[in-house]
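The values are calculated or read from the model by the stated rules, or taken from the named source; none is laboratory data. Computed from a predicted model, the values in this text were never measured in an experiment. Cβ: placed from backbone, ideal geometry, glycine included. Neighbour counts: every protein chain shown.
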Amino acid sequence: MRVLKSLLNFYINSSIHVSIAVVAFSYITCLELDLNCDKNLLLALFYASICGYNFVKYFGLVKFYYRRLAFWLKSIQILTFLCLIAMIYYGINLNNNALLLAFSMALVTFLYAIPVFPKVVLRNSQKNLRQVSGLKIYVIAFVWSVVTVFIPVLNSSEIISWDVSIIALQRFLIVVVLMLPFEIRDLNYDTLKLATVPQKIGVKATNALGLLLLIVVFLFEFLKDEVNTNQLWSLMIFVAITALFILFSRKQQSKYYSAFWVEALPILWAAVLVILS
């Protein structure tokens, strides 16, 4: 049992789980827009997500405590290096427009984690986007929507149509909603300077905001030029299940409530859409 728990913790802490969620969202985009679901694209996004998330989460620890890194953190470091090689291997097969957009998102990720801005620009001693008051959740949602919607579209040499724009906006709002349980969980740890949503409006209002945004996401489905019945049903199921997780989000959560179950929701959505299709 202890071995299984250790493996689960490594699976989560090494960002494999969240990276599968990124792939799930990208696959949903391909299904919704009837795009060519290139395995090189999905694998490149998977490995890039592991590299990006581990870079953001562990850069400071590796930089300052390299000689004293725990075994699990050294293992994650090795995994990340291997994923970097795999990302390059699969990424070079993407078309130029998709690669250019991917590089721009890599730059945003770099600025999110690394303190490169002058203090006078961000008015914060940390000098990175992650520490900018009230910005964190929206930067993450922006990157996810670009990576999981626009990159698959550009890699398929498709135009940015009205439906693509609607899906991107839906994806942005969905990621904002999925971030709310994490922000509620981290209330006891986040500095007040971050000005997260629950810090500003409280837990109950955050729950209500999440439910409202899910309703907006569902209604946006009817703004598409083409409304697919299977996609509508899969979205309805996803919204209903996500609403329950938002409704029961509390400061005192189980260890895996957000880190595993909430992050598994995009994977569930993709599975439902595949079954219905």
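Looking only at residues of region 167-221 that are buried (at least 21 other Cβ atoms within 10 Å of the Cβ) and among the basic types (Lys, Arg), we find that the one that is modelled with the lowest pLDDT is 185.
Filter region 249-262 for residues that are of a type in the set (Ser, Thr, Tyr), part of a helix (DSSP H, G or I) and either buried (at least 20 other Cβ atoms within 10 Å of the Cβ) or more than 17 Å from the chain's Cα centre (by Cα) (or both) and give the result. Listed by number, the list holds a single entry, 258. Examine region 263-273 for a residue that is touching a residue at least 60 places away in the same chain (Cβ under 8 Å), over 14 Å from residue 182 (Cβ atoms), exposed (fewer than 12 other Cβ atoms within 10 Å of the Cβ) and in contact with a helix residue (DSSP H, G or I) (Cβ under 9 Å, 6 or more places away or on another chain), and state whether such a residue exists. Within region 263-273, none of the residues are touching a residue at least 60 places away in the same chain (Cβ under 8 Å), over 14 Å from residue 182 (Cβ atoms), exposed (fewer than 12 other Cβ atoms within 10 Å of the Cβ) and in contact with a helix residue (DSSP H, G or I) (Cβ under 9 Å, 6 or more places away or on another chain). Hey, does region 59-77 have a residue that's in a helix (DSSP H, G or I) and either touching a Lys or Arg at 6+ places or on another chain (Cβ under 8 Å) or at pLDDT 95 or above (or both)? No, the conditions are met nowhere in region 59-77. Of everything in region 22-61 that is without any contact (Cβ under 8 Å) to a residue 40 or more places away in the chain and among the aliphatic types (A, V, I, L, M), the residue that is farthest from residue 112 (Cα to Cα) is 42.
Only a single criterion out of (1) on the phi < 0 side of the Ramachandran plot; (2) of a type outside the set (A, V, I, L, M, F, W, C); (3) out of contact with any Lys or Arg (no Cβ under 7 Å at 6 or more places or on another chain) is not satisfied by residue 202, namely (1).
Could you go through region 11-30 and let me know if any residue there is more than 25 Å from residue 257 (Cα to Cα), modelled with pLDDT of 95 or more and in a helix (DSSP H, G or I). Within region 11-30 (the criterion being more than 25 Å from residue 257 (Cα to Cα), modelled with pLDDT of 95 or more and in a helix (DSSP H, G or I)), the answer is yes, since at least one residue qualifies. Only residues that are among the small types (Gly, Ala, Ser) and under 26 Å from residue 168 (Cα atoms): list them for region 1-22, please. Residues satisfying the conditions are 15, 19, 21. If you go through region 205-248 and pick out every residue that is over 20 Å from residue 273 (Cα atoms) and outside any helix (DSSP H, G or I), you end up with 1.
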